[in-house]
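Right, I'll just put the structure down here and ask away after.
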Amino acid sequence: MCKSQNKDSTLNKVKINEIRISYIERNTTLNSKAITGSVEARNLLFDNWDKNTIALHETFKVLLLNNSNKVKGVYELSNGGITGTLVDICILFAIVLKSLSVGIIVAHNHPSGSLKASEADIQLTQKIKTAATLLDVKVLDHVIISPSGQFYSFADNNML
């Protein structure tokens, strides 16, 4: 007689990591104010910047927006040194996609107070725009903020 080849199926299962994507909306986006220009973006970003470190080291943030340019949230992507910070494009867009954002405004500070965009700032902006285009995400601005609250807008200066 032939014996059955039935084995417990749980013995043959391969364990793999489970990826879970979540976005918890604590404040409804529908009630948030739409960003209509660089001054509003700067105000919101500066109000949410750590004033104890803005003159100490560079920080890179992304303002996440819905299709009506209403704010879904602000995410602090990286903290760096006095003259720069690392921006990982993969992590940036993981956050954008995870929050189902369709528009972004990126920002970083210059602890020195200089509002001049460096060549690295310009190249990073172009790299972000290229990646965003592939994902149908609008890059509305890149804002550089000084410790005093003054700012430089790539959009206002036709640098996008």
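Values in this text are rule-based calculations from the coordinates and carry no lab data. A quick note: this is a predicted structure, and the numbers were derived from the prediction, not measured. Cβ coordinates were reconstructed from backbone atoms using ideal geometry, including for glycine residues, and neighbour counts include every protein chain displayed.
Would you call A117 out of contact with any Asp or Glu (no Cβ under 7 Å at 6 or more places or on another chain) and within 19 Å of L45 (Cβ to Cβ)? Lay out the reasoning, then the answer.
Working: out of contact with any Asp or Glu (no Cβ under 7 Å at 6 or more places or on another chain): yes; within 19 Å of L45 (Cβ to Cβ): yes.
Yes: the conditions hold for A117.
Could you run through the stretch 117-139 and say how many residues are of a type in the set (A, V, I, L, M), surrounded by 13 or more Cβ atoms within 10 Å (Cβ to Cβ) and more than 12 Å from the chain's Cα centre (by Cα)? Don't jump to the end; show me each part of the working.
Just the residues of the stretch 117-139 that are of a type in the set (A, V, I, L, M), to begin with: 117, 120, 122, 124, 128, 131-132, 134-135, 137, 139.
Within this subset, residues satisfying the condition of being surrounded by 13 or more Cβ atoms within 10 Å (Cβ to Cβ) are 117, 122, 124, 128, 131-132, 137, 139.
Still in the running and more than 12 Å from the chain's Cα centre (by Cα): 117, 122, 124, 131.
Number satisfying all stated conditions: 4.
Mind listing whichever residues of the stretch 131-158 are in a loop (DSSP other than H, G, I, E, B) and within 18 Å of H110 (Cβ to Cβ)? Steps first, answer last, please.
Keep residues of the stretch 131-158 that are in a loop (DSSP other than H, G, I, E, B), which gives 135-137, 146-150, 154-158.
Correct list: S146, P147, S148, G149, Q150, F154, A155, D156, N157.
Sticking with this structure for a sec: How many residues are hydroxyl-bearing (S, T, Y) and over 17 Å from W49 (Cβ atoms) if we restrict to the stretch 74-114? Spell out the reasoning first.
The first filter runs over the stretch 74-114 and keeps only residues hydroxyl-bearing (S, T, Y), leaving 75, 78, 83, 85, 99, 101, 112, 114.
From what is left, the residues that are over 17 Å from W49 (Cβ atoms) are 83, 99, 101.
Residues in the stretch 74-114 being hydroxyl-bearing (S, T, Y) and over 17 Å from W49 (Cβ atoms): 3 in total.
Then there's this: Restricting attention to the stretch 102-160, and to residues there that are of a type in the set (A, V, I, L, M) and touching a His at 6+ places or on another chain (Cβ under 6 Å), which single residue is nearest to V74 (Cα to Cα)? Steps first, please.
Going residue by residue through the stretch 102-160, those that are of a type in the set (A, V, I, L, M) are 102, 104-107, 115, 117, 120, 122, 124, 128, 131-132, 134-135, 137, 139-140, 143-145, 155, 159-160.
Restricting the remaining residues to those that are touching a His at 6+ places or on another chain (Cβ under 6 Å) gives 106, 144.
Numbers: V106: 10, I144: 15 Å.
Only one residue tops the list, namely V106.
Moving to a separate point now. In the stretch 86-116, what residues are surrounded by fewer than 17 Cβ atoms within 10 Å (Cβ to Cβ) and either of a type in the set (K, R) or closer than 14 Å to I145 by Cα (or both)?
K98, S112, G113, S114, L115, K116
Filter the stretch 54-68 for residues that are of a type outside the set (A, V, I, L, M, F, W, C) and in contact with a Ser or Thr (Cβ under 7 Å, 6 or more places away or on another chain); which is surrounded by the fewest Cβ atoms within 10 Å (Cβ to Cβ)?
As a first pass, look at the stretch 54-68 and keep what is of a type outside the set (A, V, I, L, M, F, W, C): 57-59, 61, 66-68.
With the extra rule that they be in contact with a Ser or Thr (Cβ under 7 Å, 6 or more places away or on another chain), the set shrinks to 58-59, 66.
Working: E58: 22, T59: 20, N66: 17.
Among those that are of a type outside the set (A, V, I, L, M, F, W, C) and in contact with a Ser or Thr (Cβ under 7 Å, 6 or more places away or on another chain), it is N66.
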